[in-house]
Amino acid sequence: MGRRVAIAGATGAVGQDLRRLLDRRDFPLEDLVLLASERSAGTVIRWRDREITVKNLADADAFDGVDLALFSAGGGRSLEHAPRAVEAGAIVVDNSSAFRMDPDVPLVVTEVNGDELSVRPTKGIVANPNCTTMAAMLPLKALHDAFGLVSMVATSYQAAGGAGQSGIDELQAQVPVLAEHFDLLRTDGAAAAKLVEPNVFAAPLAFNVVPVLGTVQDNGYTDEELKLLNESRKILGLPDLEVAPTCVRVPVVAGHSLQIRATFGQSVTREAALKALDGFPGLVVADMPTPLEYAGRDEVAVGRVRADLHDSHSLNFWCVGDNLLKGAALNTVQIGEELVARGHV
């Protein structure tokens, strides 16, 4: 015991889940420090049997005595303040994209490559993957170990909550406006779209799907799609893995889904795939998992497992996971637990 844990971004959606998970999983700590932007500093939050005043992340003494700092404050703040936490003596688990592709920073999904933490991180930082990549990693690791993954075509269906609370708020605001003009959704969709003003997403999301998610790069793919490519390679230890990614935003509050066509070095049958998936840590097999049903659940679910119609080395499957839990806060806490178990914290 005696550990001092800090949450940077403590008042945000993921920060709230981090507080709840530290309590629910009885994380071994003696003191909790809550940090946020200047705007949220001074807020009083009740945690367990105490009241904690949120401190300014930028304060000079923010990380004094901290052993483990869990960051979910955005990439810019991570780049600025995570090195300060390390300099103060803490190990940082960062939930942003700031350090994911740094070759000296392990990018960890605990059930997949937790052994990356067998030694103390060189830079004192461990990165948490993108929430979409996270949902795919558990079934892909189980199948890779059995059949040898060589390529995949991955299409994601990502919830509004993946853009944070502002994304959820935008969807919630659009639904009643368009519901009042329900006939327009069938007879004049362009007119319906003009009734709402998208700010967070590239187009109206209510009663719609938006096929651009992230910032479009020179090659036509978005940065979100390239995360799915690059992070999958790093986590699975497959630098030559071929990935054809498409990321789509859908009008779901929480929970990302992916349809994946995975191709392997060995031939694969549906029965053999189900056997490989069954019992993999953190993964459940279901007939037809939906993001609604798995919102608020820790597990990643895989279903619709089908042998490919044309290639005996390929398999099609569907997977879902709560982007705020396993996709963010839960894996962050699990990394912290792994660091404790291995004696680094």
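The values are calculated or read from the model by the stated rules, or taken from the named source; none is laboratory data. In this text the structure is predicted, and so the values were computed from the model without any measurement. No Cβ is skipped: glycine too gets one built from the backbone with ideal geometry, and neighbour counts run over all protein chains shown.
Quick notes on this one:
- Only one of the numbered conditions (1) modelled with pLDDT of 95 or more; (2) surrounded by 23 or more Cβ atoms within 10 Å (Cβ to Cβ) is violated by MET101, and that is (2).
- Applying the criterion of being in contact with a strand residue (DSSP E or B) (Cβ under 8 Å, 6 or more places away or on another chain) and among the hydroxyl-bearing types (Ser, Thr, Tyr) to the residues of region 290-332, the residue that is surrounded by the fewest Cβ atoms within 10 Å (Cβ to Cβ) is THR290.
- Of all residues in region 180-196 being part of a loop (DSSP other than H, G, I, E, B) and without any contact (Cβ under 8 Å) to a residue 12 or more places away in the chain, the one that is nearest to the chain's Cα centre (by Cα): LYS194
- Annotation note: of ALA193, ALA179, ALA202, the sole residue that is touching a strand residue (DSSP E or B) at 6+ places or on another chain (Cβ under 7 Å), of a type in the set (A, V, I, L, M) and more than 28 Å from ASP102 (Cβ to Cβ) is ALA202.
- Hey, LEU283 outside the structural domain of ASP17 (by TED's automatic domain parsing) and over 17 Å from the mean Cα position of the chain (by Cα) or not: no
- Considering GLY214, GLY162, the condition of being at pLDDT below 95, closer than 30 Å to ARG261 by Cα, outside any loop (DSSP other than H, G, I, E, B) and not basic (Lys, Arg) is satisfied by GLY162 alone.
- Qualifying residue in region 86-97 (condition: surrounded by fewer than 17 Cβ atoms within 10 Å (Cβ to Cβ), among the small types (Gly, Ala, Ser) and within 30 Å of ARG233 (Cβ to Cβ)): no
- Those strands (runs of 3 or more DSSP E) of region 2-84 in which at least 3 residues are over 21 Å from the mean Cα position of the chain (by Cα), considering only elements entirely within it, cover 31-36, 44-47, 50-53.
- Scanning region 199-209 for residues that are closer than 22 Å to VAL153 by Cα, surrounded by fewer than 18 Cβ atoms within 10 Å (Cβ to Cβ) and under 22 Å from the mean Cα position of the chain (by Cα) turns up at least one hit.
- Among the criteria (1) outside any helix (DSSP H, G or I); (2) within 16 Å of the chain's Cα centre (by Cα); (3) under 21 Å from VAL302 (Cα atoms); (4) not aliphatic (A, V, I, L, M), the one PRO139 does not fulfil is (1).
Okay, residues lined up against (1) of a type in the set (Phe, Trp, Tyr); (2) buried (at least 17 other Cβ atoms within 10 Å of the Cβ):
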position	(1), (2)
LYS234	no, yes
GLU242	no, no
PRO251	no, yes
HIS256	no, yes
ILE260	no, yes
PHE264	yes, yes
VAL268	no, yes
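- Unmet requirement for ASN219, which otherwise passes all of (1) within 24 Å of GLU299 (Cβ to Cβ); (2) in a loop (DSSP other than H, G, I, E, B): (1)
- Filter result (in a loop (DSSP other than H, G, I, E, B) and among the small types (Gly, Ala, Ser)) within region 228-245: GLY237
- Given (1) at pLDDT 95 or above; (2) surrounded by fewer than 24 Cβ atoms within 10 Å (Cβ to Cβ), index of the condition VAL109 fails: (2)
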